[in-house]
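Participant: Take this structure, written in structure tokens, and hold onto it; I'll ask about it next.
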Amino acid sequence: MRRGVSASRLVSTGSHPAVSRGLTAPVQLLPTSGSVDLYWLPVGAGGHSVRLNGRIFEAVAARLERRSPCDLYHSALLVRVPEGQFVIEQAPVRRGDGSERGVVAEGAVGTRWARRFRIFRYELRRWHNGVIPDVAEAVESPRRLTNDLSVARSVLDLMPSVPTPVWGRDELHAGEMWNSNSVISWVIASSGLDAESIRPPQGGRVPGWRAGLMVAQRHQVVGVQQRGSAIGAYVRARA
């Protein structure tokens, strides 16, 4: 399920009441200013069971790969444009009207057959005046990725186009599972920013990041090939 609304059409109706629990109140920007900030959040921040499961997962992965365990991180973006600020994130589906959280798409968790149950679905958010849960626990954050307004708008406009494969699976054959980090790296790379140079906090790991980069690169190659074919067809028609 996708809800493709251009970011330029999103209008604020006031600050979200939960803003005080996370990010600071929205900042009024000049008409030509914009920015994109990256946040690294410890996996399971604010939730004991999720954090414990993350540690078990990483301990097993480290043993199989014969390396030391790392701290695991989940990523999110805060995009500021003259219309306001937007939180970009993949998260579990919550009760209530998704439009209030800027939901643009949903996907299955674990397996497609179970997606009819809410707990087995995730949502992609482009949340106007939204919040990043547990932002107080963010590490080495925020990291400013750009001050270019056109890039910030591109990040917002790309959200309805983010792939929505099954979370925790490698349906796109990218070499690792698709998750929230895949969404963020896909958006960053697809907007034209240098996602390859981004590194997690020291001693940390971001599972799924490479999957987003690989899929974004594929889409870019296909786009170039399609444009080349269109140009070739035009030239032949004019010959």
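Participant: I'm trying to understand the selection: among the residues of segment 136-184, which are surrounded by fewer than 24 Cβ atoms within 10 Å (Cβ to Cβ), at negative phi, of a type in the set (Gly, Ala, Ser) and in contact with a helix residue (DSSP H, G or I) (Cβ under 7 Å, 6 or more places away or on another chain)?
Facilitator: ALA174
Participant: Filter segment 60-92 for residues that are exposed (fewer than 15 other Cβ atoms within 10 Å of the Cβ) and in a strand (DSSP E or B) and give the result.
Facilitator: PRO92
Participant: Give me the pairs, please: first residue somewhere in segment 93-105 and surrounded by 19 or more Cβ atoms within 10 Å (Cβ to Cβ), second residue anywhere and in a loop (DSSP other than H, G, I, E, B), beta-carbon distance under 6 Å, and either six or more positions apart or on two chains.
Facilitator: As it stands, the answer is VAL104/ARG3; ALA105/THR164, since those pairs meet every condition given.
Participant: Condition test on VAL104, is it among the aliphatic types (A, V, I, L, M) and in contact with a Pro (Cβ under 6 Å, 6 or more places away or on another chain)?
Facilitator: Considered against the rule, which asks whether it is among the aliphatic types (A, V, I, L, M) and in contact with a Pro (Cβ under 6 Å, 6 or more places away or on another chain), VAL104 comes out as yes.
Participant: Could you check segment 160-181 and list, in sequence order, the residues that are in contact (Cβ under 8 Å) with a residue 60 or more places away in the chain and within 21 Å of TYR73 (Cβ to Cβ)?
Facilitator: Once the filter is applied, which keeps residues that are in contact (Cβ under 8 Å) with a residue 60 or more places away in the chain and within 21 Å of TYR73 (Cβ to Cβ), segment 160-181 yields TRP167, ASN179, SER180, ASN181.
Participant: A further question follows. Checking VAL206 against (1) modelled with pLDDT of 95 or more; (2) crowded, with 21+ Cβ neighbours inside 10 Å; (3) more than 20 Å from SER99 (Cβ to Cβ); (4) of a type in the set (A, V, I, L, M, F, W, C): exactly one of these is not met. Which one?
Facilitator: Condition not satisfied by VAL206: (1).
The values are calculated or read from the model by the stated rules, or taken from the named source; none is laboratory data. All of these numbers come straight from a predicted model, not from anything done at the bench. Reconstructed Cβ throughout: ideal geometry from the backbone, glycine too, with neighbour counts over all protein chains shown.
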